[in-house]
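Chemist: Here it is, the structure in full.
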Amino acid sequence: MLTPIRTILLAEDNINDIELTIAALRSNNVANEVVVVRDGAAALDYLYRRSAFASRSPEPPGLLLLDLKMPKVDGIEVLRQVKSREETRTMPVVMLTSSAEERDIVASYSLGVNSYVVKPVDFGKFADEVAKAGCYWVLLNRVPGDAPESNRQDR
């Protein structure tokens, strides 16, 4: 059975960062569908199939790229809920944020974030960081329920 190509959920309120993130993923041949939500409440609705996302596929995203400072519900609270619920606990979460504050980094890791990436100001560096994170978490990392490489039949 083929391992499905899972969606990347990008929770980001800044349109420039959204465009840069998608461009960086695409320029590095990450072909996964990227679903964009502009606030933390929408991220939770998507993850738990509520409101506008009630009819989406039950397959969870393969990666959550999460901004820290968003409207309605901040990234820390989204992370807290993701890591506290059985159905999303093993989903990789990368905090992709402009905050280099030690308290934000500590809070994120204490809640179970998989990686914390500070957005560089320079586009080239930003693209490199997003590409590295996307490639690793989507292409190389395995979570429970993924078929082991030796059992995949897509060769």
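The values are calculated or read from the model by the stated rules, or taken from the named source; none is laboratory data. Predicted model only: the values in this text are computed from it and were never measured. In this analysis, Cβ positions are derived from the backbone assuming ideal geometry, glycine residues included, and neighbour counts consider all displayed protein chains. Surface areas here come from the heavy atoms of the whole protein model, side chains and all, with no ligands, DNA or RNA. Shrake-Rupley method; radii C 1.70, N 1.55, O 1.52, S 1.80 Å.
Chemist: Given a 1.4 Å probe and every protein chain left where it sits, what share in percent of the accessible area of the range 9-87 is carbon and sulfur?
Modeler: Here it works out to 49 percent.
Chemist: Report the calculated FRET efficiency for E101 and E19 (r = Cβ-Cβ distance, R0 = 25 Å), to the nearest 0.05.
Modeler: Once rounded, the FRET efficiency stands at 0.50.
Chemist: Please list V73, V113 from largest to smallest accessible area, probe radius 1.4 Å, with all protein chains kept in place. Can you show the working numbers first?
Modeler: Values: V73 35, V113 10 Å².
Ranked from most to least accessible, the order is V73, V113.
Chemist: Further, regarding this structure: Among the aspartates and glutamates, select those whose C-alpha is under 19 Å from the C-alpha of K125, and discard any that sit fewer than 8 residues away in the same chain.
Modeler: E12, D17, E19, D67
Chemist: Quick one: if you stick a label point 7 Å off each Cα along the C-beta vector at S55 and S27, how many nm between them?
Modeler: 3.7
Chemist: To continue, here is another question. What shape does the range 28-94 take by its C-alpha gyration tensor, where a ≥ b ≥ c are the square roots of the eigenvalues and a/c under 1.5 counts as rounded, a/b above b/c as prolate, and the rest as oblate?
Modeler: Judged from the Cα gyration tensor, the range 28-94 comes out rounded (a/c under 1.5).
Chemist: Under a point-charge model restricted to the Cβ atoms of Lys and Arg (+1) and Asp and Glu (-1), what is the dipole moment magnitude of the range 1-96 relative to its Cα centre, in debye to the nearest 20?
Modeler: Here the range 1-96 has a charge dipole of around 260 debye.
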